[in-house]
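Only one structure is covered here, and it is reproduced in the block below.
Laboratory data are not the source of any read-out in this text; all were calculated from the coordinates shown. Bear in mind the structure is a predicted one, so any value in this text is a computation, not a measurement. Every residue, glycine among them, receives a Cβ derived from its backbone with ideal geometry; neighbour counts consider all protein chains shown.
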2 protein chains.
Amino acid sequence: MDHHSAGEVTAPAVSELDPPNRTLMGPGPSDVHPRVRRAMSTPLVGHLDPSFVELMDEVQELLRYTFRTENEWTIPVSGTGSAAMEAAIGNLVEPGETMLVPTNGYFGGRMAEMARRAGGDVVEVDAPWGEPLDPADVESALAAHDPDVFGFVHAETSTGVLQPDVPALTDAAHDHDALVVADTVTSLGGVELRVDEWDIDVAYAGPQKCLSCPPGASPLTLSDEAMEKVLSREEAPRSWYLDLSLLEGYWGDERAYHHTAPITNVYALREALRLVAEEGIESRWRRHERLAGALKAGVVGMGLEMNAPDDYWLPSLNAVRVPDGVDDGEICQTVLDDYDLEIAGGLGDLAGDIFRIGCMGHAASPANVVLTITALGDALATAGADVDPDAGIGAVREALR
Amino acid sequence: MDHHSAGEVTAPAVSELDPPNRTLMGPGPSDVHPRVRRAMSTPLVGHLDPSFVELMDEVQELLRYTFRTENEWTIPVSGTGSAAMEAAIGNLVEPGETMLVPTNGYFGGRMAEMARRAGGDVVEVDAPWGEPLDPADVESALAAHDPDVFGFVHAETSTGVLQPDVPALTDAAHDHDALVVADTVTSLGGVELRVDEWDIDVAYAGPQKCLSCPPGASPLTLSDEAMEKVLSREEAPRSWYLDLSLLEGYWGDERAYHHTAPITNVYALREALRLVAEEGIESRWRRHERLAGALKAGVVGMGLEMNAPDDYWLPSLNAVRVPDGVDDGEICQTVLDDYDLEIAGGLGDLAGDIFRIGCMGHAASPANVVLTITALGDALATAGADVDPDAGIGAVREALR
C-alpha cells in the first residue's frame, strides 16, 4: 500500500451521538422500551450459531402468540415494515394476477404500487380517506373483478381508522377464492387482532409501532394455504432478498444460510415480544384502549374533534381535526421545540386537516398522555385556537382515575 | 372486547436474553465494537426529526470517506448486505439488459440470481473458486457479450480471495460501455478500496464485516452516471422497497417519507464509521494487514497452508486449507464448544477444503488472533492432524512484535 500512503486523506470529524430527548407520540417509531434498548447492546453471536437458531424458534413462537395464530410461517423479515409488506405482496401476487386494494388511505396506494411491481394487475375498492371499507363495497368489487388477492389495511396509520368487522371482509374474499393480506403495521400488539380466528391469510407489521421496538426486523405471518401458493409459483418472485421460498431455508427446519440475519434487531424484537407475553396480549389491547381513551378524552375535553367516529377509532393512532385558523405544521414544530414531543400532521387527502397522535406500546402511558395533552393544548391556545387546555387535562385526569 | 375476554390465552414463557459469549472470527458478523453496541441503546428520534436529518448527512459524509468517493449517492440501505446488493443490481439492470458476472465464488452466483430477477440476461466470466478473475478473461467476455453491467467481487467471502488490480477490470468494462458494480461487502473498512480512483460505478457492502457493526443498514454508493441511468429507467425497478429513485426522495435534498428508516441501525453505523474516521481509513487498512498477517503467520507456522497465494490474499477473510484426515465441521464445532470461538468451513466448490477465518474491524486484534491460533492448533492437534500448535503461536508472537 506504500504507493498510496504518501497523502493520507482527511477524515470527517463527527461528534458523539447525542440526539435530542424526544417523546415519540407520532405515527411511529414510538418510544422504545428500555429493556429493548438494553437488549440491543448485547454482544452478537453468528446467524448460524446453535444458540441463535434456538432464539429464532423463540421469536417465532412469540410472534405467533402476538399475531394470535398457529401459522408455521411466522417470521421477522430483515428490513422495516415496508420490507415485510413487499415480502407479502411480492411473493403472493404472480405476474398477470389481480390484486384488489383499498383507496381509503396512504397504505392501500402502496399496496397497489407493490402489486404492480410484482407484475400484477390492480383493481380498487373505494372509500374516502378517514373511513373504513364497507363490506358491501368489498363484496361488489370481488364480484366484479374476481381478484386473486385482496389487501386491506387493518389500522390505517395515515387516517387513524380501524377497519371494523374483519371477518366480514375475509369471508367475502374467501367466497370469491381470493387470499387476504392484512396490513397490521399499526395494530399488532396494540389493538385486537386475531389472525386465525378472523381467517386472515397473510399479515405483516412493523416493530416500531405498538411493539415499542426499533425498526429493522418486521413481523410477517402466512397461512399454510398462502405459503403453498408461494412455494408453487411458476416464476420466482422478483426480489431475491424477499423471496419467501428462499427464506424458508433459513427460518424453516433446514436453517441454511440465505442472508445474514440482523442479529441485533432480532434480539430487540425478542425482548419486545417477551414484554407482550409478560403483559398478556389481551391486557395489552385493553391498556391501549384505556390510555388512548384518556388521550381522546383530553382531546375532546379541550374542545377538539376526533376525525374518526368511535365505531372505527384506532387507539394506537388518533386522528384529531386541526381547529380553524391553525397551521398543523406550526403546531407540530412548537410541541417539538417546546416539549421535545413528536406528533405529526396529515398525509394525502387529509394533509392539513388532521393531527396524527400515536399511543403505542410502551408510549401508551399516563406520562405520555399527560404530556401530549398539555403540549397540544398549550401550542393551540398560543396559536389562537379556540381550545380550553385546562378542560383537556381535567378530562385526562378523570379518564385515568 | 368483552366477548373475547372470557378465555385469556396463555403466553409463551421465554427467558431473559443471554446468548453465549462468542468471539466472532468467522465470515461475519464480526465482533461489534462496544461503542457501537452502546450507540444502539440510545433512545430513538423520529425518521423525519430535524436532528435525524442532520445525522443522515453525517452518515453519508462518513460513508463517502470510507468508500473513498465523492459520490453524492452514498447511503445506507435499510436491510442487510444482500439488500444493498439487490438495490444495486435491481436498479441498475433493466429488463432485457445483460449483466456479466463472475463464477469464482458464491457471491457471483448471487449476482446472477438477482440480475435474472431484475429481468436481465446473465453471461459469465469464468475463474475457479479460490482464484481471482483474469483481466484478459474479463476483456474477452466483454468483447463477446457486450454487457450493460459488469459485476465483480472485490473480496470474495466464500473463498478468501481479493481481486487485485481493480482498475484493469474497470478500464476494460468502461471501454465496452459497461457500468461496473463491485461487491465490497468484506473489504469496506478493512482492505484498500478506492471507489473513485478505481473508477467503480456502484459499490455495496455490509456493516457486519470490517465495520464491526451489526447487520441492518448497509452501505451503497453510486456514481452520478450510474444514478442517472437509474433515474432514467423506462420501467420502475421491480422492488418498491429498494427503488433508488424513491429512496432519492428520502436521502436526497427533499427528505420526504419513503419508509421508516431503521433509526437504531443508522445510529450504529454512524458510530462504526466514526471509529473508522478516528483511526483513519488507511491506518485501518494497515492494521488489518498487520493483524491478519499475524494470523496468517500463525496458520503457516503451525504447518497449515493458505488457500490463496499472497498475490490475492484477503486479510479480512483467511482461507486456510483443511489438513488431511480432518473434518472441517468437527473442528469448527470443537473451537465453538471449547473456546466460544466462531470460525467457518468452506462453501460450494470449496466445501470441506477450507476453513474461513475472518479478521475484521474491531475483531482484528492481538487477543483474537492469539485465541484463534491457539484454539485452531489445539483442535487440529487433538483431531490428529499433523500440526505444531506451539510453532503457530510462536509465529504469531514474532509477527506481532
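Quick notes on this one:
- For B:Arg290, inter-copy label distances in nm, listed shortest first [label point 7 Å out on the Cα-Cβ vector]: 6.0
- Förster radius 45 Å - calculated FRET efficiency between B:Arg286 and A:Ser245 (Cβ-Cβ, nearest 0.05): 0.55
- Computed magnitude of the charge dipole of segment B:1-136 (debye, nearest 20; Cβ of K, R +1, Cβ of D, E -1): 400
- Amide H to amide H distances under 5 Å link B:Leu341 with B:Thr23, B:Leu336, where only residues 5 or more positions off or on other chains count and H is placed in the peptide plane.
- Distribution of pairwise C-alpha distances over segment B:281-400, 10 Å bins, in %: 15, 50, 31, 4, 0
- Inter-label distance, A:Asp310 to B:Ser232: 6.0 nm, where each label sits 7 Å from its Cα along the C-beta direction.
- Solution diffusion estimate, µm²/s, Stokes-Einstein, segment B:23-100, Kirkwood Rh from C-alpha pairs, 4 °C, viscosity 1.567 mPa s: 83
- Taking the Cα centre of the protein assembly as shown as reference, the dipole from Cβ charges on Lys and Arg (+1) and Asp and Glu (-1) amounts to some 2700 debye.
- Residues in segment B:254-260 carry Karplus couplings, in order, of 6, 6, 8, 4, 10, 9, 6 Hz; the curve used is 6.51 cos²θ - 1.76 cosθ + 1.60 with θ = phi - 60°, and Gly or Pro positions show x.
- Taking the DSSP bridge list for chain B and keeping only pairs wholly inside it, about 55 percent are antiparallel.
- Cα shape, chain A, gyration tensor, a/c 1.5 rule: oblate
- Sorting the segments A:258-269, A:55-66 by their mean number of nearby beta carbons within 10 angstrom, highest to lowest, gives A:258-269, A:55-66.
- Segment A:197-269: C-alpha gyration tensor shape, a/c 1.5 cut-off, then a/b vs b/c: oblate
- Across identical copies of the chain, A:Pro366 has label-point separations of 5.6 nm, listed in ascending order, with the point defined 7 angstrom from Cα along Cα→Cβ.
- Taking chain B and dividing mean pair separation by its residue count, relative contact order in percent (alpha carbons under 8 Å, at least six apart): 22
- Other protein chain C-beta atoms within 10 Å of residue C-beta, averaged over A:105-112: 1.
- Electrostatic dipole magnitude of segment A:280-400 [Cβ: Lys, Arg +1; Asp, Glu -1; Cα centre; debye, to 20]: 700
- Cut-off under 5 Å, modelled amide H: who pairs with A:Trp73 long-range: A:Leu222
- Under 16 Å from the B:Arg401 label point (7 Å along Cα→beta-carbon), backbone N, segment B:290-334: B:294-295, B:297-298, B:301
- Global form of segment B:75-182, assessed from the alpha-carbon gyration tensor, a/c cut-off 1.5: oblate
- Across the identical copies, how the B:Glu305 labels are spaced - nm, sorted shortest first, 7 Å along Cα→Cβ: 8.3
- The mean count of C-beta atoms from other chains within 10 Å of the C-beta of residues in A:337-344, rounded to a whole number, is 1.
- Dipole axis of segment A:280-400 (+1 Lys, Arg; -1 Asp, Glu on Cβ), positive-most option in A:Val299, A:His362, A:Ala375: A:His362
- Vicinal HN-Hα couplings computed from phi for segment B:37-47 (Karplus, 6.51 cos²θ - 1.76 cosθ + 1.60; Hz; Gly/Pro x): 4, 5, 4, 6, 8, 6, x, 7, 10, x, 6
- Most simply put, segment B:45-179 has about 20% antiparallel DSSP beta bridges, counting only bridges with both residues inside it.
- Percentage relative contact order, segment A:207-286, counting C-alpha pairs under 8 Å, at least six apart: 34
- Residue (of B:Val230, B:Leu242, B:Pro215) at the positive-pole extreme of segment B:208-271, dipole from beta-carbon charges: B:Pro215
- Part-to-part distance (alpha-carbon centres) for segment A:191-246 and segment A:20-65, which is given in Å: 18
- Shown here for segment B:154-249: trypsin sites (Lys or Arg not before Pro) in loop regions (DSSP other than H, G, I, E, B) with at most 16 other Cβ atoms within 10 Å, namely B:Arg194, B:Arg233.
- Expected-Rg normalisation [2.2 N^0.38 Å, Cα atoms] applied to segment B:1-159: 1.49
- Extending 7 Å from Cα along the Cβ direction at A:Ala144 and again at B:Asp137 yields two label points whose distance is 5.8 nm.
- Estimated [θ] at 222 nm from DSSP helical runs (n ≥ 4, -39500 (n - 2.57)) normalised by residues in the protein assembly as shown, nearest 500: -13000 deg cm²/dmol
- Per residue of peptide B:17-28, the mean number of Cβ atoms on other chains within 10 Å of the residue Cβ is 5.
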